[in-house]
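Encoded as C-alpha cells, the structure appears first; notes follow it.
Read the figures in this text as sums done on the coordinates, not as results from a lab. This is a predicted model, so every value here is computed, not measured. Every residue, glycine among them, receives a Cβ derived from its backbone with ideal geometry; neighbour counts consider all protein chains shown.
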Amino acid sequence: MPINGGWELSRILPNLPLLPSRRRLIRTLMDIHFVSVPTLENLRAHVVQVLCAHDRLDPEQTPLYQAVIRRSGKPCGLLFQVQGPRLLKTHAVWAGPENRILFYDSTGLRFAESRLCEAPDPQDLAA
C-alpha cells in the first residue's frame with residue numbers, strides 16, 4: 001500500500017535484520033528509469049521534473065540550486081537541490097563517470113535512480 005509515494009516496509013517485511021534478500025526487495029521498490037540527456041540543460045530539466053513530481057511541486061516556481069562535485073580536483077558530477085515550502089529540500093546527485101542520477105527525498109531516503117544512456121561529459125563543467 002503506497003504511503004507518501006513509497007511503500008510502508010513494516011507491513012511488507014517484519015522487523016528482521018537487513019539481510020541481502022531484504023535489501024534486494026527494498027531496491028526493487030525504488031524507481032529506476034533509463035533516460036537520454038545529451039546536454040547539461042536536458043540533465044537539469046530531467047532532475048527538476050523528477051524532484052518536483054516526487055513532492056508535487058510546480059517546476060516553474062521551484063528554485064533549483066546546483067554545485068559541482070570534484071574528485072581529485074576534476075569535476076565528476078553535480079549536486080542538485082530544490083526547495084519547497086516549509087523547509088522542504090530534496091536532492092539529486094549526478095555521478096558522471098557512473099552515468100546515473102540518484103534522487104533523495106527530504107529525509108535522505110533514495111527514492112529514484114536514472115541511468116543515463118547518453119549524458120554530457122563531466123569535464124564540460126570545468127568551463
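What to note about this one:
- The mean of 1/r over all distinct Cα pairs in region 33-126, once inverted, gives the Kirkwood hydrodynamic radius of 13.3 Å.
- Table column - 3J(HN,Hα) (Hz), region 81-94, Karplus curve with 6.51, -1.76, 1.60, x for Gly and Pro: 9, 10, 10, x, x, 6, 6, 6, 9, 10, 10, 9, 10, 9
- When peptides 67-79, 42-54 are ranked by their average number of other Cβ atoms within 10 Å per residue, the highest-first order is 42-54, 67-79.
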